1. Out of the range 20-35, which residues are assigned to a strand (DSSP E or B), farther than 20 Å from Ser88 by Cα and open to solvent by 70 Å² or more (accessible area, probe 1.4 Å)?
2. When you look at Arg79, is it touching a residue at least 40 places away in the same chain (Cβ under 8 Å) and within 15 Å of Phe18 (Cα to Cα), yes or no?
3. What number of residues within the range 8-60 satisfy the criterion of being touching a Ser or Thr at 6+ places or on another chain (Cβ under 6 Å) and among the aliphatic types (A, V, I, L, M)?
4. State whether one or more residues within the range 94-102 are under 21 Å from Gly41 (Cα atoms) and basic (Lys, Arg).
5. Name the residue, out of Gly123, Gly115, that is in contact with a helix residue (DSSP H, G or I) (Cβ under 8 Å, 6 or more places away or on another chain), farther than 16 Å from Tyr20 by Cβ and among the small types (Gly, Ala, Ser).
Amino acid sequence: HYCFACGRNNPDGLRLVFEYPRPGCCQAEFIPPARFQGWRGMLHGGIIATLLDEALAHALGGVERGGGSGAVTAELTVRFKSPVAIGSRIILTGRVISQKGRVAEAESEIADEKGTVLASASGKLVRPKQ
């Protein structure tokens with residue numbers, strides 16, 4: 001329970017709480033605190049990438065049981081569209097696009113309260129060998 005993104009026991013982490021509205025999809029809300037600031041009043045790009053990456057994994061985990069997938073990110077492409085303001089409520093979503101064997105492809109995005117997409121990502125995840 002010490003995952004930087006979703007661990008409840010990590011006092012320095014993001015402490016994301018995901019919901020799973022349907023199989024292969026996840027959603028979380030987050031209000032970025034000042035400690036994750038990059039440039040003046042903006043969420044650091046590395047934290048944005050972390051949020052998007054975590055949504056990929058949780059979307060995959062939500063396919064079967066609602067939760068973390070145990071998969072690791074093999075590839076991540078992030079597109080920054082607009083600044084994410086510190087202190088603003090954002091909605092993080094993820095969805096699985098395809099699965100073949102141990103490899104899955106997923107997409108995620110960060111939107112503001114009006115639904116404007118601020119950043120998005122696509123990636124490939126690999127489940128460990130059983």
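The values are calculated or read from the model by the stated rules, or taken from the named source; none is laboratory data. Every value quoted in this text rests on a predicted model; they were computed, and no experiment measured them. FYI the Cβ positions are ideal-geometry reconstructions off the backbone, even for glycines, and counts take in every protein chain you see. Ligands, DNA and RNA are stripped out before the accessible areas are found, and what is left, the full protein with its side chains, is counted by its heavy atoms. Shrake-Rupley method; radii C 1.70, N 1.55, O 1.52, S 1.80 Å.
1. If the condition is that a residue be assigned to a strand (DSSP E or B), farther than 20 Å from Ser88 by Cα and open to solvent by 70 Å² or more (accessible area, probe 1.4 Å), then no residue fits.
2. no
3. Selection size over the range 8-60: 5.
4. No; the residues of the range 94-102 include none that is under 21 Å from Gly41 (Cα atoms) and basic (Lys, Arg).
5. Gly123
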